[in-house]
1. In segment 23-46, is there at least one residue being modelled with pLDDT of 85 or more and β-branched (Val, Ile, Thr)?
2. Restricting to the chain, what's the tally of residues that are in contact with a Cys (Cβ under 9 Å, 6 or more places away or on another chain) and part of a strand (DSSP E or B)?
3. List every residue pair whose Cβ atoms lie under 8 Å apart, where the two residues are 6 or more positions apart in sequence or sit on different chains, the first residue falls within segment 3-25 and is among the hydrophobic types (A, V, I, L, M, F, W, C), and the second residue, located anywhere, is part of a loop (DSSP other than H, G, I, E, B) and at pLDDT 95 or above.
Amino acid sequence: MIEKRSIARVEVGDQGTDTCFVVTNLKKGSRRRLYEQVYCRRGQAENHIKS
């Protein structure tokens, strides 16, 4: 069985609630680092490819 970690990001603003959930099997690094430096950067890279 593969152990997985889950990361939740919840932001509340004028436009309502914005939630994001990430499930990963990466074991090293803090949840914040994994979200900000791995997951978000991956999304940015995909957006550059689409352009």
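The values are calculated or read from the model by the stated rules, or taken from the named source; none is laboratory data. Owing to the predicted nature of the structure, the values given are computational and were not obtained by experimental measurement. Because the Cβ atoms are built from the backbone with ideal geometry, glycine has one as well, and the counts that use them run over all protein chains shown.
1. Yes, because at least one residue in segment 23-46 is modelled with pLDDT of 85 or more and β-branched (Val, Ile, Thr).
2. 5
3. Going by the 8 Å Cβ cut-off, there are no qualifying pairs.
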